[in-house]
Amino acid sequence: MLEAQETDFQQKSEAEWTELQRAWGTGFDGRVELARRAARQFGFGEEQLGAIERAIGSKAMMERFAAIGAGLAEDVTPAHESGSRPERVGPDAARAELARLEQDTGFMAACLDGAAPGHAEAVARFGRLFEIAAG
């Protein structure tokens, strides 16, 4: 009976991993890494993760831990004026973006002039990038 339960669990787990790969597409590896980081951050060991996986299933466990990991990830910078998607950046990328923005006269004018359109957004963006750059 235990052997049958183990076989059933393994089959369900493999099917759920396949479903996650299909659903997450090219973002699969990144989301798995976010889930692993979240588990490490909160001190979950292999035995505990196995118990959670058996209780709620592989897919549900990975979705929840990936969501936690995404919430713990570094700040998201706003999209550029070109309409590109927001990206998660680390300290080096934040420093590079700050250097680029400091050369952008339109951005700096909005940042420094309290009456300029977009002032609050520019100051907030600069502040977020500065915090990330500082670590």
On C-alpha positions alone, give me the angle between the axis of helix 46-56 and the longest principal axis of the chain, in degrees, nearest 10.
80 degrees
As I understand it, the value is the acute angle between the Cα axis of helix 2-24 and the longest principal axis of the Cα atoms of the chain; what does it come to in degrees, rounded to 10?
20 degrees
Which FRET efficiency, nearest 0.05, do Arg64 and Ala15 yield, Cβ-Cβ r, R0 22 Å?
0.75
Compute the long axis of helix 119-134 from its Cα atoms, compare it with the longest principal axis of the Cα atoms of the chain, and write down the angle in degrees, 0 to 90, nearest 10.
60 degrees
With the chain treated as a Gaussian network of Cα nodes joined by springs under 10 Å, which of Phe42, Phe28, Phe65 yields the largest mean-square fluctuation?
Phe42
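Every number here is computed from the coordinates shown, using simple stated rules; none is lab data. The structure displayed is predicted, hence computed values, not measured ones. Cβ sites come from the backbone with ideal geometry, for glycine too, and all protein chains shown count toward neighbours.
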